[in-house]
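For reference, the structure discussed in these notes is given below.
The values are calculated or read from the model by the stated rules, or taken from the named source; none is laboratory data. The structure presented is a predicted model; accordingly, all values stated were derived computationally and were not measured. Glycine gets a Cβ as well: all are built from the backbone with ideal geometry, and neighbour counts include every protein chain shown. Ligands, DNA and RNA are stripped out before the accessible areas are found, and what is left, the full protein with its side chains, is counted by its heavy atoms. Shrake-Rupley method; radii C 1.70, N 1.55, O 1.52, S 1.80 Å.
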Amino acid sequence: MELTPGCTVFFKVIEFGSVSVRGTRNAVTQPKQRRKEAFICICRDHAVRDRMACRIPLVLLACGSFNPITLQHMRLFELARDHMHQTGQFQVVGGILSPVSDVYGKQGLAPARHRVAMARLALKSSDWVRVDDWESKQADWTETVVTMRHHYDQILKQPQNAAGAPQLKLLCGADFLDTFKVPGLWRADHVEEVAGQFGLVCVSRGSQQPDRAVHECDTLSRHRSNVFLVREWVRNEISATEVRRALRRGLSAKYLLPDAVIDYIRQHGLYTWESEQRNKGVVLRPLAQQGAPPETLAD
Amino acid sequence: MENSEVTKVVLLACGSFNPITNMHLRMFELARDHLEDTGNYRVIKGIISPVGDGYKKKGLIEASHRIEMVKLATETSDWVTVDPWEGQQADWVETAKVIRHHYQELLAAERSKDEVDTVRIGKKRRHEDRGGCSNGGRTGVPQLKLLCGADVLESFSVPNLWKPEDITEIVGHFGLVCITRAGSDAWKFLHQSDTLWRHRKNIHLVKEWVTNEISATHVRRALRRGQSVRYLLPDPVVQYIQELSLYTADSEEKNADIILAPLQKYSHGGN
């Protein structure tokens, strides 16, 4: 069955990752058929609208060094979106990638303006994930919960549609979940806010046991219905550390990160033996201050 | 800065490429880095040769699509290209024959560079090509090496999959560049096979430190389940697959009960 052009406009709006309607774009119909199909379309519209109306709009936020951004980082967004759609409860309407600021003090951390620029190049072709430089511009490192509050305020400022304001959930790796049980790292009320009020979408791989991390933390366990565990089945160990290692050794990093990012790195001479020495021996800012880590996506 | 000792190499990868993934492309980068790092080689070209439909593997879609996808995937590479010859053959072609074909192409290209008259090729010269046991020994002609994953090395010991003389020709006459994962048994396989051991100097094992197991099987599974495969394959390939709805539950049933061509061929002859 084909769809009338009028219909496809609507479908295109909700197409955002909705698998069932993919490939219906640019449907062209003969005028003769239109009336019959318009009717079918209206029925379909209602069915889809009903199904979507009860779905909660959702924005995913990932914080990290992105030093540099790799294909794996972008892959995590795709995996998380698929998973959240499969719950039948959510409609992912956006993704935000938030690079950490320079004061974070991690070894080999390139200047934030470059990390932001690379992330923008990498996500140029994405129609749902964008880069936000607010966190990267802060004078001090920002706790995850503070970054979440900021972005949630931004979301509330935007005009809302009938479905209401989107929820904001933190996209993280399994190693981030493990930080919740490190004594003294997290403030109890922050864990409560992140897991209880916002929520987590955690992508795990290999032998990681995110369900154990949830089990071993009382607060996470209490809010486990708001902690979504996603499994990455492809063994994929692409990390920014490995990418930097290849780059400073003059080895190819092609197909580990987008070509545009590789070109940018080359143009600006970013990852070298010298740059890797930056912040060497410096204690990470959150550790110096006894605070929770600002990176939800490690490497 | 290049000295005269440096041997030119062309890398050839054979396989289903159903569909091609970033991991396939990554293998070429790893192999080139490894060979050039030895200081003995300069890799001048990479060829991806998708297998023909006659291979009869389960879920194998038409060669024309697989060739087109490799073409799209290699558009941004300045050294890796697709070659449709194998994919266009009506029957399945043994890998050894595919390598021979491409070596003849390299010789022909070199000749057309050398000689003014490229049309008439002397029989004597052709005889030399076949008789000479060195691959690319003569000046100018690059060596041709088969690029593969550790699974190919392991498959050498699967009964009826390979003709023994083909293995000898591939590793002895041409050479193998094999990408192995951390913890792989490639070294054990090399040790356990007398043929491989004899030609070990012609076998380059390249360690892939960053595990990146994007298998085409996984990609097809995700596609027929309507999940995203973005960033596992180049964007133009993802678009091509979506536009033509290439991988579905139906396409996965292709050749479902058919025996793989090499197994058909050799097990009949063997018994």
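Straight-distance candidates among the aspartates and glutamates for linking to residue B:254, with alpha-carbon spacing under 18 Å and chain neighbours fewer than 8 residues away dropped: B:53, B:62, B:91. You can think of it this way: the chain between residue B:78 and residue B:207 has 44.1 nm of extra reach, that is 0.36 nm per residue less the Cα-Cα gap.
Scaling against 2.2 N^0.38 Å puts the C-alpha radius of gyration of the stretch A:181-240 at 1.22.
What FRET efficiency comes out for residue B:33 versus residue B:155 if R0 is 22 angstrom and r is the Cβ-Cβ distance? Round to the nearest 0.05.
My answer for the efficiency is 0.30.
Name the residues whose placed amide hydrogens come within less than 5 Å of the amide hydrogen of residue B:179, ignoring near sequence neighbours (fewer than 5 apart) on the same chain. Residues meeting the criterion, in which the H sits 1.01 Å from N, are B:148, B:149, B:150, B:206. In the stretch B:7-266, taking the dipole from charged Cβ atoms about the Cα centre, the farthest positive-side position among B:204, B:65, B:227 is held by B:204.
Taking the stretch B:65-83 and a reference point 7 angstrom along Cα→Cβ of residue B:45, the backbone N atoms nearer than 12 Å belong to B:79-83.
Protein heavy-atom surface of the stretch B:7-266, 1.4 angstrom probe: 49% of the accessible area is carbon and sulfur, with nucleic acids and ligands not counted.
With 27 Å as the limit on Cα-Cα distance, the pairs of B:71/B:163; A:137/A:157; A:254/B:8; A:254/B:145; A:106/A:157 that go past it are B:71/B:163; A:106/A:157. Simple spin-label estimate for residue B:58 and residue A:182 gives 4.5 nm between the two label positions (7 Å along the Cα-to-Cβ direction from each Cα).
Is any residue of the stretch A:113-140 close enough, with backbone N under 12 Å, to a label point placed 7 angstrom from the Cα of residue A:267 along the Cα-Cβ axis, and if so, which? Output list for this probe position: A:117-118, A:121-122.
A helix-only calculation puts chain B at -12000 deg cm²/dmol for mean residue ellipticity at 222 nm, using -39500 (n - 2.57) for each DSSP H run of at least four residues, averaged over all residues. Bridge orientation summary for the stretch B:7-266: considering DSSP beta bridges with both residues in this region, about 0 percent are antiparallel. Dimensions of the stretch B:134-271 from C-alpha coordinates, computed as largest minus smallest value along each principal axis and given longest first, are 48, 40, 35 Å.
Between residue A:215 and residue A:192, the modelled labels are 2.6 nm apart [label points 7 Å from Cα along Cα→Cβ].
These residues, A:218, B:166, go from largest to smallest accessible area, 1.4 Å probe, as A:218, B:166. With N the number of residues in the stretch B:7-266, Rg(Cα) / (2.2 N^0.38 Å) evaluates to 1.03. Distance between the 7 Å Cα→Cβ label points at residue A:278 and residue A:86: 3.8 nm. Cβ-Cβ distance of residue B:198 and residue B:218, R₀ of 30 Å, FRET efficiency by 1/(1 + (r/R0)^6): the value works out to about 0.25.
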